[in-house]
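Reading through the structure tokens given below for one structure.
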Amino acid sequence: MERMSDQPARWSQATVYPDMWADPDDDPRNSEGPGPDGELATLQQFLTDYRMTLRMKCDGLDAEQLAHRSIPPSTMSLLGLVRHLAEAERDWRNWISDGDPLPKLYGEKDADFNGAVAEQAVVDAAYFDLEREQAATDAALAEHPDLSERVGKDRIAVRELMVHRIEEYARHCGHADLLRERIDGRVGQ
């Protein structure tokens with residue numbers, strides 16, 4: 001069992017604001033000028049930023065670090081979060097569809113986390129799956145630009161689905177903060 005003294009020291013790459021993940025000039029989420037116009041563009045920008053935040057929290061880690069679990073009995077790891085969000089993207093397409101649901105990517109309940117093992121091929125596949133599923137869900141939703149439109153068998157509003165996607169990524173970015181700090185002590189927004 002690890003002791004508290006075995007934990008890495010807290011650190012950040014940022015020098016301008018030491019509680020940040022990256023300096024403002026180096027943060028790919030920062031853009032010049034005003035924010036997007038309109039509700040849909042705003043929701044899409046928030047989603048893009050949270051997706052990027054998750055990737056940033058995983059950057060620079062090897063397969064073993066990405067697969068490192070938080071604390072027993074949790075199966076949560078950064079790699080598990082990447083796999084979970086790929087699965088969630090696929091599931092959100094099921095919410096949009098009137099047809100049969102797409103099959104699970106990784107198997108039954110918790111397979112996304114349980115299968116997050118420290119192998120580079122698993123890491124590479126997880127990132128590939130996430131990018132593919134994000135692109136497919138984005139493309140499916142692009143066919144429904146009216147946020148009040150109701151889609152799928154349950155007639156969910158596109159707005160509700162967009163907000164839920166943002167919420168899911170935001171929540172898991174919070175988990176990623178804690179996981180990353182436990183792995184190598186890196187902290188920040």
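The values are calculated or read from the model by the stated rules, or taken from the named source; none is laboratory data. Note that the structure is predicted; figures quoted are calculated from it, not measured. Cβ coordinates were reconstructed from backbone atoms using ideal geometry, including for glycine residues, and neighbour counts include every protein chain displayed. Please note that ligands, DNA and RNA were not included when accessible areas were found on the heavy atoms of the full protein model with its side chains. Shrake-Rupley method; radii C 1.70, N 1.55, O 1.52, S 1.80 Å.
With labels modelled as points extended 7 Å from the Cα through the Cβ direction, what inter-label distance (nm, one decimal) is found for ASP37 paired with ASP62?
With each label placed 7 Å out from Cα toward Cβ, I get 5.1 nm.
Report the FRET efficiency, 1/(1 + (r/R0)^6), for ASP184 and ASP91, where r is their Cβ-Cβ distance and R0 is 30 Å, rounded to 0.05. Could the numbers behind the result be given before it?
Values: r = 31 Å, r/R0 = 1.04.
Efficiency, rounded to the nearest 0.05: 0.45.
For ILE71, ILE166, write out the residues from largest to smallest accessible area, computed with a 1.4 angstrom probe and no ligands counted.
Details: ILE71 100, ILE166 25 Å².
Of ILE71, ILE166, the descending order of accessible area is ILE71, ILE166.
Looking at GLY152, VAL163, ALA111, which one has the Cα that reaches farthest to the positive end of the dipole of segment 37-189 (charges on Cβ: Lys, Arg +1; Asp, Glu -1)?
Of the candidates, ALA111 comes out farthest on the positive side.
Take the Cβ-Cβ distance between ARG150 and ARG171 as r, set R0 to 25 Å, and report the resulting FRET efficiency rounded to the nearest 0.05. Write down the numbers at each step before the final one.
On the way: r = 25 Å, r/R0 = 0.99.
E(calc), rounded to 0.05, equals 0.50.
Can you give me the distance in nm between label points at SER70 and HIS164, each placed 7 Å from the Cα along the Cα-to-Cβ direction?
Output for this residue pair reads 2.2 nm.
If packing is taken as the average number of other Cβ atoms within 10 Å across a peptide's residues, how do 87-95, 99-107, 39-47 rank, most packed first? Kindly include the intermediate steps, with their values, before the conclusion.
Working: 87-95: 19.3, 99-107: 12.8, 39-47: 15.7.
The most tightly packed comes first, giving 87-95, 39-47, 99-107.
Evaluate the distance, in nm, between pseudo-label points positioned 7 Å from the Cα of PHE128 and of ALA142 along their respective Cα→Cβ axes.
About 2.3 nm separates the two model spin labels.
I'd like to compare 49-61, 109-121: which one has the highest average count of other Cβ atoms within 10 Å, and what's the full order after that? Mind showing how you got there, number by number?
Details: 49-61: 18.0, 109-121: 15.5.
In descending order of packing, they fall as 49-61, 109-121.
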